[in-house]
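Asks: My questions all concern the structure below.
The values are calculated or read from the model by the stated rules, or taken from the named source; none is laboratory data. Please read these numbers as outputs of a predicted model, since none were measured by experiment. Neighbour counts are summed over all protein chains in view; Cβ atoms, including those assigned to glycine, are modelled from backbone coordinates with ideal geometry.
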Amino acid sequence: MRIGIFGGTFDPVHYGHLRPAEAVRQQLKLDELWLMPNRIPPHKAAASATVEQRLQMLALAQQEFPAFSICDIELKRDVPSYSVVTLEQLISTRPQDNFYFIMGTDSLVTLSTWHQWQQLFALCHLVICGRDGWQLTQDNPVWPQWQRRHISGEQHLQQHATVRSGDIVQLDIELQPYASTQLRHALEVGDINACQQAVPAAVLDFILQQQLYQS
């Protein structure tokens with residue numbers, strides 16, 4: 001199978017995660033799309049919500065996006081969640097599957113700071129969704145890999161759909177104007193209206209019931 005992986009803290013999960021992930025699933029005709037919450041993200045502060053609360057929010061989001069699954073492999077670790085380690089573990093248990101690791105342009109630009117980042121190309125395809133204000137430049141250490149590997153989604157499906165790894169697949173995905181940081185701030189100051197268009201209704205109800213992110 002061809003499986004998309006969308007990782008994050010999901011603190012909280014919102015349409016800025018969910019809609020691009022669904023667009024990737026459809027454009028690349030993936031068999032499965034996994035949302036993968038992390039426990040100790042290497043490049044971000046620790047989550048505000050508990051592991052259990054974040055899992056519950058993802059489960060509620062599945063009501064609107066039933067094609068998604070939740071993969072909790074990184075929640076079972078008490079050490080930072082390095083993507084290379086996660087992919088190696090997944091491949092060891094599912095050697096017949098091909099993995100597509102989804103990220104924004106912001107992550108691509110900082111990819112050279114990731115643990116053993118160049119090993120990713122031997123383990124999966126990278127799928128890039130644009131993010132406002134971020135652009136890969138020629139002085140970036142990732143640029144040579146981009147030049148060598150980047151390909152459109154259509155070209156990938158025509159030429160490399162059965163290839164295990166190695167592509168950087170650039171997709172034209174509609175950008176979503178939502179970010180977890182801004183949503184947490186809106187909830188902290190009681191601006192619920194700012195969240196209603198950004199978060200699935202069931203998730204927002206849970207946040208309010210649990211009084212998450214509120215001072």
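Asks: Can you confirm whether Gln56 is over 21 Å from Leu120 (Cβ atoms), of a type in the set (S, T, N, Q) and in a loop (DSSP other than H, G, I, E, B)?
Replies: For Gln56, the condition - over 21 Å from Leu120 (Cβ atoms), of a type in the set (S, T, N, Q) and in a loop (DSSP other than H, G, I, E, B) - is not met.
Asks: Could you go through region 177-191 and let me know if any residue there is in contact with a helix residue (DSSP H, G or I) (Cβ under 9 Å, 6 or more places away or on another chain), touching a residue at least 40 places away in the same chain (Cβ under 8 Å) and surrounded by fewer than 13 Cβ atoms within 10 Å (Cβ to Cβ).
Replies: The answer is yes, given that some residue of region 177-191 is in contact with a helix residue (DSSP H, G or I) (Cβ under 9 Å, 6 or more places away or on another chain), touching a residue at least 40 places away in the same chain (Cβ under 8 Å) and surrounded by fewer than 13 Cβ atoms within 10 Å (Cβ to Cβ).
Asks: Hey, another quick one. Take region 60-78 and flag every residue that is more than 23 Å from Arg94 (Cα to Cα) and surrounded by 16 or more Cβ atoms within 10 Å (Cβ to Cβ).
Replies: Leu60, Ala61, Gln62, Phe65
Asks: When both residues are 6+ apart or on different chains and their Cβ atoms are under 7 Å apart, which pairs have a first residue that lies in region 47-66 and is on the phi < 0 side of the Ramachandran plot, and a second that is of a type in the set (Lys, Arg)?
Replies: Final answer for the pair search is Ala47/Arg54; Ser48/Arg184; Val51/Arg39.
Asks: Please determine whether any residue of region 34-43 is among the basic types (Lys, Arg), part of a loop (DSSP other than H, G, I, E, B) and touching a residue at least 40 places away in the same chain (Cβ under 8 Å).
Replies: yes
Asks: Scanning region 8-49 for residues that are basic (Lys, Arg) and at pLDDT below 95, which turns out nearest to Phe68 (Cα to Cα)?
Replies: For region 8-49, the residue satisfying everything is Arg39.
Asks: Name the single residue that is surrounded by the most Cβ atoms within 10 Å (Cβ to Cβ) among those in region 1-33 being out of contact with any Leu (no Cβ under 9 Å at 6 or more places or on another chain) and in a strand (DSSP E or B).
Replies: The extreme case among them is Leu33.
Asks: Is it the case, given these coordinates, that Glu64 is out of contact with any Asp or Glu (no Cβ under 7 Å at 6 or more places or on another chain) and within 16 Å of Ser107 (Cβ to Cβ)?
Replies: Taking the combined requirement at face value, the residue does not satisfy it.
Asks: Any chance region 108-123 includes a residue that's in contact with a Gly (Cβ under 9 Å, 6 or more places away or on another chain), at pLDDT 95 or above and closer than 16 Å to Gly8 by Cβ?
Replies: no
Asks: Something else: Looking at region 186-215 only, could you name the residues that are of a type in the set (A, V, I, L, M, F, W, C) and within 17 Å of Gln62 (Cβ to Cβ)?
Replies: Scanning region 186-215 gives Val199, Ala201, Ala202, Val203, Leu204, Phe206, Ile207.
Asks: Ok, one more. When you check Ile102 against the structure, is it part of a strand (DSSP E or B) and surrounded by 13 or more Cβ atoms within 10 Å (Cβ to Cβ), yes or no?
Replies: Spelling it out, Ile102 is indeed part of a strand (DSSP E or B) and surrounded by 13 or more Cβ atoms within 10 Å (Cβ to Cβ).
Asks: Among the residues of region 59-89, write down those that are closer than 24 Å to Leu120 by Cβ, touching a strand residue (DSSP E or B) at 6+ places or on another chain (Cβ under 9 Å) and not in a loop (DSSP other than H, G, I, E, B).
Replies: Answer for region 59-89, where residues must be closer than 24 Å to Leu120 by Cβ, touching a strand residue (DSSP E or B) at 6+ places or on another chain (Cβ under 9 Å) and not in a loop (DSSP other than H, G, I, E, B): Phe68, Ser69, Ile70, Ile73, Glu74, Leu75, Ser83, Thr86, Leu87.
Asks: Another question, then. Filter region 111-121 down to the residues that are assigned to a loop (DSSP other than H, G, I, E, B) and surrounded by fewer than 16 Cβ atoms within 10 Å (Cβ to Cβ) and list them by number.
Replies: His115, Gln116 - these are the residues of region 111-121 that are assigned to a loop (DSSP other than H, G, I, E, B) and surrounded by fewer than 16 Cβ atoms within 10 Å (Cβ to Cβ).
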